[in-house]
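So the structure is just underneath, and the comments pick up after that.
Quick note: the coordinates plus some simple rules give every number you see, no bench work behind them. From a predicted model like this one, the values you see are computed outputs, not experimental measurements. Positions of Cβ are generated from backbone atoms using ideal geometry, with glycine treated the same way; all protein chains shown enter the neighbour counts.
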């Protein structure tokens, strides 16, 4: 034991040497580095110490106070929010015309459709401007041509043939029923007399609020509404091109057949029922249900071509609304029923009557002219004069004019258009011309 003490003292003395001091410094540094690490490892599995959290929060507050103090020094130096983010000037919010971006509408982002060119006389409209602009005008409506099924149309028809007072459908074969015509040919009901559609045409310029007219067109034999009335005879186009305030109704008669049967127009009041139902349909297709009354009282012009003479004659005789008929136009169509036409002309002197004919119907047209003259009714044999109430005109056309093309070429090209133009020029006939002729 006695020998141990001197050794310790020797070690103590050794620490006082320069090398001993360096050792103490290294040990102190190592201890200062390991103590925080050991504390962290000890706290990994324990809940946070509230005292430590409070101390950390206090340190954060002190840090924030230092940042605020620094910011206040910057503000004092002139670096404000307004300095860093200045408000936009007027010229920056409203750039000049040369600098502005192209204005877009929501329609620019919708699916593209067929581009409609704007009429050359209309300037493009601006969304906003300091200068007054031309008042907005609604774009012109397009012509409307459609097919509408009507219960009161000519067919189907299950009544009698007034010429024989026998059932119209006089042939039966199994479940099929048909009609044997005067020529002996049989036409079946399900093929020829089962189409209740009516071709309806409303020009883009038509205005139901103005005086107008309903044109009822009875096509001839061997015709369909689309192939012949619309595309070959161009009846809708003639009405539009006339500029008259007129609409068209063209019921399908016997489908593509050599037959002139009148169907429901044979019946007393049949034409009246047809026009009453048509008023409701016209009101719907023009988009104004309240206009049904106007259509129900609108004057009527009946046009019969070729075999269309039969439904025309019976509509005048027993249709029930012959007083609404302001005019009758027959296009190479006087094949019979002379008494019915003469009776209407004599009793309706406020309307007009026009019959144009080729050599095929010349004999009967001349016979009808003779009957009218015997009744003291003045008859003109041309279409040169104005068309007035009470006008009666018979026009014989040249030999080069064919019966098939008569609806588009008679005494003039587009004879139906010519009649409407002349009619619109006479205010007494209650028809307005609301568009220029094309």
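The table for this structure:
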item	result
Exposure proxy order (Cβ contacts within 10 Å, fewest to most) of 282, 429	429, 282
Order of 408, 240 - criterion: other Cβ atoms within 10 Å of each residue's Cβ, fewest first	408, 240
Overall form of the range 234-284 per C-alpha gyration tensor (a/c, 1.5; a/b vs b/c)	oblate
Residue order, fewest to most surrounding Cβ atoms within 10 angstrom, among 357, 335, 305, 406	335, 406, 357, 305
Rounded if a/c under 1.5, otherwise prolate or oblate - the range 186-242, Cα gyration tensor axes	prolate
Burial order of peptide ranges 313-323, 174-184 (average beta-carbon count within 10 Å, highest first)	313-323, 174-184
Normalised per residue, the volume of the convex hull around the Cα set of the range 138-285 (Å³)	120 Å³
